[in-house]
Each structure stands twice: as structure tokens, then as C-alpha cells.
Amino acid sequence: MNEQTLPIDLNETQALNLLHTLAAADPDYPKVAKRLARLALVSLPPAEQAVIAHATLEVIGEDSQRAPAMIALLNHPPPQRFDAGLLSAGLLVAVVFLLRTHIRIEGKARGLAFTIEHKPADSKALTALLNRLAAFLPTSH
């Protein structure tokens, strides 16, 4: 990761908030999120949500282009808001959006399929996260 590391005490809600804030800051997110809306229906166990959220933040922290935005948000967090469980429901939407350079989205007649793309030179954290996500995403073969 970059010069600053993710705080050890970042809880699941804070990690989810940070992921959604990073995704929502991109002007393309609303359009892509609408296309990925079905992913919000995928039920993830709470422990898995936390692992995926923290692993995604670790991968973003390794990216010299995106890490500064994450660090700025960590240093100046947005105000807390009540999400009624929406953050965890849309976790896969935000993660797939943020990792869209490694997850190709393909439209199918019966929905979407995803192709996980990574190279041997990718970090161990990214490879582990993509392998974990593959279990929850309908993948194309």
C-alpha cells in the first residue's frame, strides 16, 4: 500500500462507506450501478462482506492513482449517514465498479456475466480478492 495504511480499527460500516464514497465520486458510477443492480440482490454473509470490503480497500491502496483519494477520505471522512442496510446490499456493485479494469461485464440475454481478468504480475492482494469475488459473480466461460 502507499505511505499511509488503512487504519486497523476501520470497522465494516466505515469500510463500506469508504467504498461507496469512492465509487460514487466517479461520474460513471450511476450508469454502471444501474446496469449492475442485480448484484445488489446477492446475499453475502456479514463476515464475507467485511473481508471483501477490506480487501478491496487494500487493493485500491496499492494503486498510485486511486490511493490519494482514499487517503484523503480517511483523513477527512464524510459525515455519518443512516443507510438502512443499503451499503452492504450494494457492496458487490461498488466493488465490481471499482475493479472494472479487472472484471469485464458482459451482457447476456438472461442477465449479466463477468470475466475475471488478472495477470501473474498483479499483487497477491488483488489476485486473492478476484478469486474470492469469482465465487459470488456469475462468470462467463
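The values are calculated or read from the model by the stated rules, or taken from the named source; none is laboratory data. Predicted model, so just to flag it, every value in this text is computed and none were measured. When we count neighbours, we look across all protein chains shown, and the Cβ atoms used for this are built from the backbone with ideal geometry, even at glycine. For accessibility, only protein heavy atoms count, side chains too; no ligands or nucleic acids. Shrake-Rupley method; radii C 1.70, N 1.55, O 1.52, S 1.80 Å.
Asp26 passes every criterion in (1) acidic (Asp, Glu); (2) under 26 Å from Ser123 (Cα atoms); (3) at pLDDT below 85 apart from (3).
The set of residues in the range 91-124 being in a strand (DSSP E or B) and under 16 Å from the mean Cα position of the chain (by Cα) consists of Ile103, Arg104, Ile105, Phe114, Thr115, Ile116. Take the residues of the range 72-105 that are within 15 Å of Lys31 (Cα to Cα) and not hydrophobic (A, V, I, L, M, F, W, C): which is modelled with the lowest pLDDT? Taking the candidates together, the pick is Gly90. The single condition from (1) farther than 19 Å from Leu126 by Cα; (2) modelled with pLDDT under 85 that Ala69 fails is (1).
In the set (1) aliphatic (A, V, I, L, M); (2) under 24 Å from Ser123 (Cα atoms); (3) at pLDDT below 85; (4) surrounded by fewer than 17 Cβ atoms within 10 Å (Cβ to Cβ), Met1 fails one condition alone, (4).
Scanning the range 118-133 for residues that are out of contact with any helix residue (DSSP H, G or I) (no Cβ under 8 Å at 6 or more places or on another chain) and open to solvent by 40 Å² or more (accessible area, probe 1.4 Å) yields Lys119, Pro120, Ala121, Lys124, Asn131.
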